[in-house]
Structure formats: C-alpha cells, structure tokens
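Each remark here refers to the structure printed beneath this line.
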C-alpha cells in the first residue's frame, strides 16, 4: 500500500512538473507573440486619446478623464505614472505594459481553468488558446485598458473560487478576489457584468461565513457607487456616444463578432467558423452533465451571459456591440471552449471544436502579423511631409477623427478639406498643397483614384508633383499639388475643342 501511494505521489509530482514546464513555454510563446512588432504601428486613434489624457498633469487628470473618456480612471492613472516615470511616450513604451499583462493573462487563465476543472489538459488547452488568441493579441498591443480588465476579472474569479476550497488562508484568498474585482471595476465599467455575477455567487455560498459574504459584496458595491458621479458626468459629456453609435449597433456582423470574441481580432479571419466554435462550446458547456466543470453555472453565466447582456442592452439603445466591451467575457469563453473539447460527445465533436479554434486563431495571427502595418501610418506621413515641405506649403486633410486625431498627435496641423479656407487657398494658386487621403493602396481602384486626383488637380490649376502611399490595412496617401503657371491655367481654361493639342502636351508634361 505504501509503495503504491509513493508511486502515485511521484507520478502526480511528475505530472505537475510537466504542466508547469508547459505553462512556462506557453507564457514565453505568448510574450513573444505580443512583443513582436509592438512599436511598429503608429498609435491607433483610441490610443491617441488614452495617451493624450494620461499626459495631463495629475491635478487635472480626473477632469480630463471626465471630459475626454467614457471609462473609469484606473488605467489612465497607471499610464500617467508609467509614462512619467519612464520619461517617454514612444509607441512601444506605452504598449509594453499591455504586452506584459497579456503574458500574465495566460497564467491567470490557466489558474482559472485549474480551479474550475480537475483535468490539467483543460487548463493547458485554455492557456494555449489565450496565447494564440487574435483578440488577446490585439489588446496586448494597444495602449488601452482592455487587457488589464481581462486579467483583473480572471484573477478575481479564480481567487474567489479558490477561497471556497482552500485548506488555509481562505479569508486572504477571498480578500484578494474582492480586491481584483474592485480593480476591474475601476478599469472599465463592463467589469460590472462579471462582478455582479460573482457577488451573487459569493452571496449564495454557505461555505463562507455570513460576514465574509457581506464584506465581499459590500466592498464591490461601494467601489461601484464611488464611480457613479464620474459615469454621470461622462454620460452627460458623451450623451448618445456618437463616436461609436454607428458601429456598435445591433447588426448581424456585430452579433457574430461579440459571440466570437476570443477568436476575433484586428482582421475578420474565418469569423463564421469562430462563431460556430464559441457558440457550440457554450451549448456543450450548458448541456453537459458530466461534472467536468465544478462551477458550471457560474462559468456559463460569465461566458455566455455577458455577450447576451451586451446584446440586450444594445437593443435597448446602449450601443455596446463592440468586441472590446465583451473583453471581460473573453477569458471565460476561452475556458468554456477548452472544457467543451473534453466534455463533447461524441469525441469527434470535441476534436472539431479544437481544430476549429486553432484554425481561426492561426488565421487571425497570420493576418495580424504583417509587414504592411495595421493602423494608419500617421507617424510616417508626418515625417515625410516634414522632410519635404517648404515655407508657405499648406497641408490639407479630412476631418474624420480616425485619421485627424493621429495626424494631430504626430504634429501635422492641416487645414480641413471642404472648409471655406481650403477653397480660398486652392483658388489663390500661391501655395503648394499637401493633400492627405485615406484608403489608397496599389489596387486598380487606387490607380483610377490617382488619375481622378490628377484630373481634379488640373481643373483647379495644379499638377500632381509627388505621390507617396503609406501602406496599412487602411493606407494613407500623400499627394503634393503644385500650382501651374498662369499661362498653363489660361490654356486649360479655354476649353477642349480649341486647345486640345496644347492640353495634350501639358498633360504629357
């Protein structure tokens, strides 16, 4: 008997050692994935807003958050301190904490899955999906709060569940869970969807003394109540949230993306397959009675309940159908997928779910790691214009926030296309015009657009002297229009019938 017990103990230790080694390898893989090309892209428009707010003096930080953001202050306080201590606001510097947080999330999801499921294979599968998730990659490479709130809610639920069965320091584990839940609330309001479900679960657990349950729920309620005045001020400032209302409504596309959150990313790669994998996994999780998941109802409420809540709130007019608002559900959806692979019957169904998840993740990663860049290359445009501009040159650009804010951040101060000022500037023929437009590449459509730009420039008395495309998913193009001589303008103004030959010579020139 003693020999058998000793052998079982040795095997258990060996299995645990192999799991820790595999987890370390997965964290290393994820860190490499998140750090690769970290600073290659210009700031995304939402990052510009985050960094601009964080660079305010500390005394004015809360006011800047209330008038420029629709999030709690937690991340912006951290980013303010991080950028200030490091002394740089370079892209890779601002994004580095997000990348490290993404690597930590792999370990946190492994812990969560270990607490929820007895089989280490499920925990390792969940950690693998986290390391390869295109969604986690996206936010691990952005100077925003979403990967931080993912980590916080994961730790909150894992620590709280661990406290229920811990043999010692149960109060300490429960306190840690409450602290992580409060931090999540102070990082993003959507964390409330997870924290409310967790508070209901704690309040109904007889395993905890009544005063512990009261302290847990009360501290979370108090932390949320403190944020109410700020939320009211932000809602007053951004009433109706016009910046996202058009893209965050209820459509087929937004519903699909919300329910495929952990497999969704910066490029929609195999989205329908991602929806089938996640929804299929959630159905298996809810229907399974095999006892593989210890707190199956809680996991189902967090993995499926959060997307459903966002859908219902959006139907009521809240405009929340963006995957970043479902970020708090992503870790739980990942664990649900890993658990469904094991729980599925027949086993071939589990194999299909695993293969589908890996296929969508692989396609998303390949689409994400590209040399063309991801976000509008406002940094490259600014450097190019500064290197070639002359005194008196005028820069013209669209007022669309997605391009205007990054250009302004990188020091481009354009006149806005379509205003009376630009009309006057063009009619004076006294300035070279740098025109910045969005959406060009090397396609035939772009070639036709360039020919149209040349024709439009001639009709205004200019010629196209330079064209430079800055490729990305949505490219930027910079066109330098130079005023024609007064004689050439007169020739072009006389009409095509009388001066067709001269017009042809000018065009060829």
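The values are calculated or read from the model by the stated rules, or taken from the named source; none is laboratory data. The structure displayed is predicted, hence computed values, not measured ones. Ideal geometry is used to build each Cβ from the backbone, glycine not excepted, and the neighbour counts take in all protein chains shown.
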- Task: Would you mind stating whether residue 376 is surrounded by fewer than 21 Cβ atoms within 10 Å (Cβ to Cβ) and touching a residue at least 24 places away in the same chain (Cβ under 8 Å)?
- Result: no
- Scan 204, 175, 190 and give me the residue that is free of Cβ contacts under 8 Å to residues at least 12 places away in the same chain and within 22 Å of residue 305 (Cβ to Cβ). 204
- Message: If residue 142 satisfies all but one of (1) closer than 27 Å to residue 364 by Cα; (2) part of a helix (DSSP H, G or I), what's the number of the condition it fails?
- Response: (2)
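If the requirement is being in the same structural domain as residue 264 (by TED's automatic domain parsing) and either in a helix (DSSP H, G or I) or within 17 Å of residue 45 (Cβ to Cβ) (or both), which of these qualifies: 403, 314?
Going through 403, 314 in turn, the sole match is 314.
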- Query: Only one of 411, 392 is assigned to a loop (DSSP other than H, G, I, E, B) and touching a residue at least 40 places away in the same chain (Cβ under 8 Å); which?
  - Reply: 392
- Task: Report whether or not residue 357 is closer than 29 Å to residue 267 by Cβ, modelled with pLDDT of 95 or more and within 20 Å of the chain's Cα centre (by Cα).
- Result: yes
- Query: How many residues are part of a loop (DSSP other than H, G, I, E, B) and touching a helix residue (DSSP H, G or I) at 6+ places or on another chain (Cβ under 6 Å) when one looks only at region 280-294?
  - Reply: 4
- Within region 455-509, the residues that are part of a loop (DSSP other than H, G, I, E, B) and either at positive phi or at pLDDT 60 or above (or both) are 460, 461, 471, 472, 473, 474, 475, 484, 485, 495
- Note on the structure: Taking region 363-381 and keeping only residues that are part of a helix (DSSP H, G or I) and within 18 Å of the chain's Cα centre (by Cα), one is left with 363, 364, 365, 366, 367, 368
